[in-house]
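Q: One structure follows; several queries about it will come next.
Nothing in this text is a laboratory measurement; each read-out follows from the coordinates by a stated rule. Note that the structure is a prediction, hence the values are computed from the model and not measured. Virtual Cβ from ideal backbone geometry, glycine too; neighbours counted across all protein chains shown.
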Amino acid sequence: MTADLPEYYFRVRENGAVVFKIDTENRQRRIEMDQIAVINIRNGEVKPHGQRTLTDTDKVEIARWMEERKALLAQRDIDDIHRAVDYLNVTTQWAQSKASDEQLEDVTDRLLMAMHDLRSVLVRKKSDRLNKG
């Protein structure tokens, strides 16, 4: 099992990750995780842990992970938006065919405000794109 372990482990957290270096070369043959850094994915900051100095290999692996993580988060964002379009369609069908008057009364104002806000942003952004082209 230990031969298949990666050299680095990234414990994901809200804005990035805690980076550990994996060590299996010890007398007890245990897996040891030595924290080497903390990453903030939003601003790209990498803080070495304690008095540690990151090696060039550490920096390359951290940069690689950050790029992969940013790509994954971007993909998740667009997937969420595609799901939101589906939810809007399902909501429309529900409002048209299943919703009671009381249920509609409960959600109509909030839905209309959210849709108005979304429409305003989309129209403005589309206008900006058309004006650039």
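Q: What lysines sit close enough to LYS132 to cross-link, taking a C-alpha to C-alpha distance under 28 Å and skipping anything fewer than 8 places away on the same chain?
A: Cross-link targets: LYS70.
Q: ASP80 to MET33: extension gain in nm, 0.36 nm per residue of separation minus the Cα-Cα distance? The partial results should precede the final answer.
A: Details: separation 47, 0.36 × 47 = 16.92 nm, distance 3.37 nm.
Fully extending the segment from ASP80 to MET33 adds 13.5 nm.
Q: For helix 56-97, what angle does its Cα long axis make with the longest principal axis of the chain, in degrees from 0 to 90 and rounded to 10?
A: 20 degrees
Q: Moving to a separate point now. What residue among ASP109, ASP23, ASP77 shows peak mean-square fluctuation when the chain is described by a Gaussian network model with Cα springs under 10 Å?
A: Between ASP109, ASP23, ASP77, it is ASP109 that shows the largest mean-square fluctuation.
Q: Moving to a separate point now. Rounded to the nearest 500, what is the 222 nm mean residue ellipticity of the chain from helices alone, with -39500 (n - 2.57) per DSSP H run of 4+ residues and division by all residues?
A: Values: 2 runs with 74 residues, N = 133.
Dividing the helical sum by the residues of the chain leaves -20500 deg cm²/dmol.
Q: Mind checking which of ASN26, ASN43, ASN15 has the largest fluctuation in a GNM of the chain, springs on alpha carbons under 10 Å?
A: Residue with maximal mean-square fluctuation among ASN26, ASN43, ASN15: ASN26.
Q: Here is a follow-up. Of (1) 70, 41, 25; (2) 85, 33, 21; (3) 44, 33, 27, which one was derived for Cα extents along the principal axes in Å from the structure shown?
A: Only one option fits the structure, namely (1).
Q: Separate question: Please identify every one of the GluC sites (Glu not before Pro) in segment 7-101 that sits in a loop by DSSP and has no more than 16 other beta carbons within 10 Å of its own beta carbon.
A: On the way: sites: GLU7, GLU14, GLU25, GLU32, GLU45, GLU61, GLU67, GLU68; in loops: GLU7, GLU14, GLU25.
Taking segment 7-101 and a limit of 16 other Cβ atoms within 10 Å, the loop GluC sites (Glu not before Pro) found are GLU7, GLU14, GLU25.
Q: Using 0.36 nm per residue of separation minus the Cα-Cα distance, give me the extension gain between VAL123 and GLU105 in nm, one decimal.
A: On the way: separation 18, 0.36 × 18 = 6.48 nm, distance 2.74 nm.
Result: 3.7 nm gained on full extension.
Q: 5 Å is the cut-off here: which amide hydrogens, built 1.01 Å from N in the peptide plane, fall below it relative to HIS49, excluding neighbours closer than 5 in sequence?
A: ALA37, VAL38
Q: Also, I was wondering about something else. May I ask for the angle, rounded to the nearest 10°, between helix 101-132 and the longest principal axis of the chain, with both axes built from Cα atoms and the value confined to 0 to 90°?
A: So the helix axis and the longest Cα principal axis differ by about 70 degrees.
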